[in-house]
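See structure below.
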Amino acid sequence: MIRASPGSMYPLLREMREEGLIEEDLIIESGRARKVYKLTKRGMEVAVQSLEMAERIMAKMLSLIAEARRRLGDAVSEGRGPCPSRDIVEGLEHLAKAIGEYLELAKAREKECRESSRGASRHL
């Protein structure tokens, strides 16, 4: 799991701002200044492209996992090759399910972002 810290986030935000992907606003709340970042039009386009790429990668991974599971099942049912442990089969099933669920979430979020980008800017 990736853990974000101020030491890793601020350089990333600065780089994204320099690349024109986000813009920064300074807001005063309760006497305290804070920075708010929002995606630019270009940032939204890059985000959509990134989600599309992630979707293609995940779809391919899911396809490869399903093919591996099919081949493994064929080999086991035909009495060839080593028998996988139940843990391996369950692990593959869990991974395939998780990837499928994430893919659906990514599709829904991408659609939501695409639709909302037509009107207002979004905060990170």
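The values are calculated or read from the model by the stated rules, or taken from the named source; none is laboratory data. No experiment lies behind these values; they were computed from the predicted model shown. Every residue, glycine as well, gets a Cβ built from its backbone with ideal geometry; the counts of neighbours run over all protein chains shown.
Looking only at segment 63-79, decide whether some residue is touching a helix residue (DSSP H, G or I) at 6+ places or on another chain (Cβ under 9 Å), under 27 Å from Arg109 (Cβ atoms), of a type in the set (A, V, I, L, M) and at pLDDT 90 or above. There is no residue in segment 63-79 that is touching a helix residue (DSSP H, G or I) at 6+ places or on another chain (Cβ under 9 Å), under 27 Å from Arg109 (Cβ atoms), of a type in the set (A, V, I, L, M) and at pLDDT 90 or above.
If you filter segment 14-72 down to residues that are acidic (Asp, Glu) and part of a helix (DSSP H, G or I), you find that the one that is surrounded by the most Cβ atoms within 10 Å (Cβ to Cβ) is Glu55. Might you let me know whether segment 21-31 holds any residue that is under 17 Å from the mean Cα position of the chain (by Cα) and in contact (Cβ under 8 Å) with a residue 40 or more places away in the chain? Within segment 21-31, not a single residue is under 17 Å from the mean Cα position of the chain (by Cα) and in contact (Cβ under 8 Å) with a residue 40 or more places away in the chain. Taking the condition in the same structural domain as Glu45 (by TED's automatic domain parsing), surrounded by 11 or more Cβ atoms within 10 Å (Cβ to Cβ), out of contact with any helix residue (DSSP H, G or I) (no Cβ under 9 Å at 6 or more places or on another chain) and within 24 Å of Glu45 (Cα to Cα), does Glu101 pass? The answer is no for Glu101. Which one of these does Ser50 not meet: (1) under 23 Å from Ala108 (Cα atoms); (2) in contact (Cβ under 8 Å) with a residue 12 or more places away in the chain? Unmet condition: (2). Are any of the residues in segment 83-95 closer than 20 Å to Ser63 by Cβ, of a type outside the set (A, V, I, L, M), touching a helix residue (DSSP H, G or I) at 6+ places or on another chain (Cβ under 6 Å) and modelled with pLDDT of 75 or more? Checking segment 83-95: not a single residue is closer than 20 Å to Ser63 by Cβ, of a type outside the set (A, V, I, L, M), touching a helix residue (DSSP H, G or I) at 6+ places or on another chain (Cβ under 6 Å) and modelled with pLDDT of 75 or more.
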